[in-house]
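Everything below concerns the one structure shown next.
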């Protein structure tokens, strides 16, 4: 067969990274958007203002597009474990299969059944019942995130298992331990708040683009404010859960933590925080450093003292711990530059979003609404629509690349997980097709979403005038 | 083999049956858009009958895969990595089918809308065909090594039996889709659906006869399970005849029960024929038994508890979603809905 000098492992890894990142564009987007849409429909049920109904349908259409792409790219994931990572599937089946099957039975059925009901029963169900169906979609998609992360958390931090002496595979000994895994609850809350941020800022950002263009300002101002309020709450949640996850990381995966901070040698006490450095991964040195004293101690331990263990020491410890089982040649070094910058882009991007949310809410406040005049702000918010996608991907990269060289932490190296029977040519071929497919799907999805957006509420047949009221008009006085 | 291992083997089979019965109808409706409908509105009307349901139906495939991963992981790993490219093409077709509904509504031009309907049709043709190939490939003796890895050659994937298997599942999906359309529409379309099903049933008999022969040459079903295999083969032909008569005499409910039973009997034939193995190797020492590929007893107990609790709840709302939206759609009514700006 054609030999291109490529081996299966890097190709299969690339495929997993590509397909999960693309899938993970749409998953947080769908979970976040369905929350915003459900809140809008609930507002309609409570306030009975038809504008909220139009709003629900309007953002619902963008949600449906995202949901469609999210579902189909999720199919790839389920097949991929068996196709590219059959040794992993054999090794992990006893643990991984259960959450995956429960995810399907409990979550996938709920979201896909009720989304079908929601789409087609606007006229048939009473508004409150109809709103309930979209909340069930939200519940289903959130539960789905919980179960898939239960499997992921085991890979990050194995619990409730033993190694089967005959097969060498992991075997579940406690199902409840799988769910009580601390890693799961930190990871789940951080991911779910990240999803809320994504949906909220897509609604807010796209609304801001329309405000920038001065189209249906009343409609989009309200949409933007709903998005920003949800976004701001989610930012707080994301910050708190991220902080807890960091505390946990220092204890459980010191290598990952040191790599995101670019620390090779144990730090001084108190530890300074490196804002910026170019890491020389060969000589284990940071260059062009900018440091803030005390800051890393504060971030890591919430106090003004305490040093952080560097990668060199952790590396030795890992060799000592695992050499007997996995040999001396395991490479525990991580792609430090990638992790370092991914973590900083995530944190800085997050800060920028939170700041923009506060500004957006301030300038569109009821007492003195000048949002239409703040072109700079609506422009920035419009650009911020894309922020969460970058931030989510960065967070995901830190979590997953930081687990190197393990696929299941401390139990199974990535190299031992790949399918022995697939050829590099096949995986190369599927990589190329997936890439073309994702480009196509992404292109159409963005094109259609843009079209919906620019049509505005009129595209749904809503002929209401959504211009802002002139404060000196007759109607304004009568109110 | 323990009782729970047997139970989960059966559950996986049952999930595949439900998947084929439900989503098979969706594939059939997709195919029927080119055979039964003559214009864009009629095509949309046909797709409207499955609009709220296809996504949920597809979840049965995901659940079958998940159940396989959870209860018989060795089977899942060997099968999915072994038939790599075949499953890849199934995936691509499922992806295109999945986005085609939403994208054909969202497309900006008439051309775009029509284009996505073509995408739907083509993927609905390929998915059952490729799955039929997979189902008939996986029952043949395969080159499996001591580690359970399958190293397939082109012939292991494309061979007379697998092509017949592909044709068979595609044809039954089409019958199922036509029978479903007959139940869910009103007027001429309803009438034509039954006529078309009646006529197309003639394809089934030669395919079935050829499968009976190919099973002899390409599998060892007759050696290992002679009686059961013969019983299921006779049942397959009997159910086919019943289905055709029901379609010809406009007994719509009987017709869909017959085509659904056809799916059920086919899957039962496959699962009984394989038993007690999940994969059969050229070298008999490497064949994989159910008990060798299974999860631990503890995991199986957990999974069984989960199934017993969750399945009834899930089935309750799943069935409700069909019942609450069950009505016959006529062309006139559908046109009125379209004029009122209902997009779906």
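The values are calculated or read from the model by the stated rules, or taken from the named source; none is laboratory data. The structure presented is a predicted model; accordingly, all values stated were derived computationally and were not measured. Using ideal geometry, Cβ is built from the backbone for each residue, glycine included, and neighbour counts are taken over all protein chains shown.
Matching residues to (1) crowded, with 23+ Cβ neighbours inside 10 Å; (2) assigned to a helix (DSSP H, G or I); (3) modelled with pLDDT under 95:
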| site | (1), (2), (3) |
| --- | --- |
| A:199 | yes, yes, no |
| A:218 | no, yes, yes |
| A:222 | no, yes, yes |
| A:229 | no, yes, no |
| A:241 | no, yes, yes |
| A:244 | no, yes, yes |
| A:247 | no, yes, yes |
| A:257 | yes, yes, yes |
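Being over 30 Å from residue B:141 (Cα atoms) and assigned to a helix (DSSP H, G or I) narrows it down to one of B:311, B:300, so name that one. Criteria check complete, one pass: B:311.
From the list A:154, A:109, the one residue that fits, being surrounded by 24 or more Cβ atoms within 10 Å (Cβ to Cβ) and either out of contact with any helix residue (DSSP H, G or I) (no Cβ under 6 Å at 6 or more places or on another chain) or free of Cβ contacts under 8 Å to residues at least 60 places away in the same chain (or both), is A:109.
For the condition buried (at least 22 other Cβ atoms within 10 Å of the Cβ) and farther than 23 Å from residue B:200 by Cβ, what is the one hit in B:83, B:19, B:3? Even if it seems obvious, please write down each step before you answer.
Working: B:19 fails: farther than 23 Å from residue B:200 by Cβ; B:3 fails: buried (at least 22 other Cβ atoms within 10 Å of the Cβ).
Answer to the check: B:83.
In summary, residue B:9 fulfils each of the numbered conditions (1) over 21 Å from residue B:257 (Cα atoms); (2) part of a helix (DSSP H, G or I); (3) within 7 Å of another protein chain (Cβ to nearest Cβ) with the single exception of condition (3). Determine, yes or no, whether residue A:142 is touching a helix residue (DSSP H, G or I) at 6+ places or on another chain (Cβ under 8 Å) and more than 23 Å from residue A:418 (Cβ to Cβ). So residue A:142 passes the test. What are the residues in segment A:426-436 that are surrounded by fewer than 19 Cβ atoms within 10 Å (Cβ to Cβ) and facing chain B (nearest Cβ under 10 Å), if any? Result: A:429, A:433. Going through segment A:75-87 one residue at a time, which ones are part of a helix (DSSP H, G or I) and either crowded, with 24+ Cβ neighbours inside 10 Å or facing chain B (nearest Cβ under 8 Å) (or both)? Within segment A:75-87, A:75, A:76, A:78, A:79, A:81, A:82, A:83, A:84, A:86, A:87 qualify.
Tally the residues that are exposed (fewer than 12 other Cβ atoms within 10 Å of the Cβ) and over 28 Å from residue A:458 (Cα atoms), restricting the search to segment B:309-342. Spell out how you get there, then give the answer.
Keep residues of segment B:309-342 that are exposed (fewer than 12 other Cβ atoms within 10 Å of the Cβ), which gives B:312, B:316, B:319, B:323, B:326-327, B:332, B:336, B:339-341.
Checking which are over 28 Å from residue A:458 (Cα atoms) leaves us with B:312, B:316, B:319, B:323, B:326-327.
Looking only at that region, the number is 6.
Residues in segment A:28-53 that are under 15 Å from residue A:220 (Cβ atoms) and surrounded by fewer than 24 Cβ atoms within 10 Å (Cβ to Cβ): A:51, A:52.
The single condition from (1) at the interface with another protein chain (Cβ under 8 Å from one of its Cβ atoms); (2) assigned to a loop (DSSP other than H, G, I, E, B) that residue A:122 fails is (1). Scanning segment A:409-424 for residues being assigned to a helix (DSSP H, G or I) and either surrounded by 19 or more Cβ atoms within 10 Å (Cβ to Cβ) or facing chain B (nearest Cβ under 10 Å) (or both) gives a total of 1.
Kindly check whether there is at least one residue in segment A:126-134 that is facing chain B (nearest Cβ under 9 Å) and on the phi < 0 side of the Ramachandran plot. No: zero hits. Restricting A:55, A:92 to those that are out of contact with any helix residue (DSSP H, G or I) (no Cβ under 7 Å at 6 or more places or on another chain) and either part of a helix (DSSP H, G or I) or in contact (Cβ under 8 Å) with a residue 24 or more places away in the chain (or both) reduces the list to A:92. Filtering segment B:51-106 to residues that are at the interface with another protein chain (Cβ under 7 Å from one of its Cβ atoms) and outside any helix (DSSP H, G or I) leaves B:51, B:52, B:53. Taken over segment B:150-163, the criterion of being buried (at least 24 other Cβ atoms within 10 Å of the Cβ) and away from chain A (no Cβ under 14 Å) is satisfied by B:162 alone.
Taking residue B:221 as the residue in question, decide whether it is in contact (Cβ under 8 Å) with a residue 60 or more places away in the chain and under 21 Å from residue B:27 (Cα atoms). It is false that residue B:221 is in contact (Cβ under 8 Å) with a residue 60 or more places away in the chain and under 21 Å from residue B:27 (Cα atoms). Looking across segment B:296-344, just one residue is at the interface with chain A (Cβ under 7 Å from one of its Cβ atoms), touching a residue at least 24 places away in the same chain (Cβ under 8 Å) and touching a strand residue (DSSP E or B) at 6+ places or on another chain (Cβ under 8 Å), and that is B:299.
Scan segment A:385-408 and give yes if some residue there is buried (at least 20 other Cβ atoms within 10 Å of the Cβ) and within 11 Å of chain B (Cβ to nearest Cβ), otherwise no. No: segment A:385-408 contains no residue that is buried (at least 20 other Cβ atoms within 10 Å of the Cβ) and within 11 Å of chain B (Cβ to nearest Cβ).
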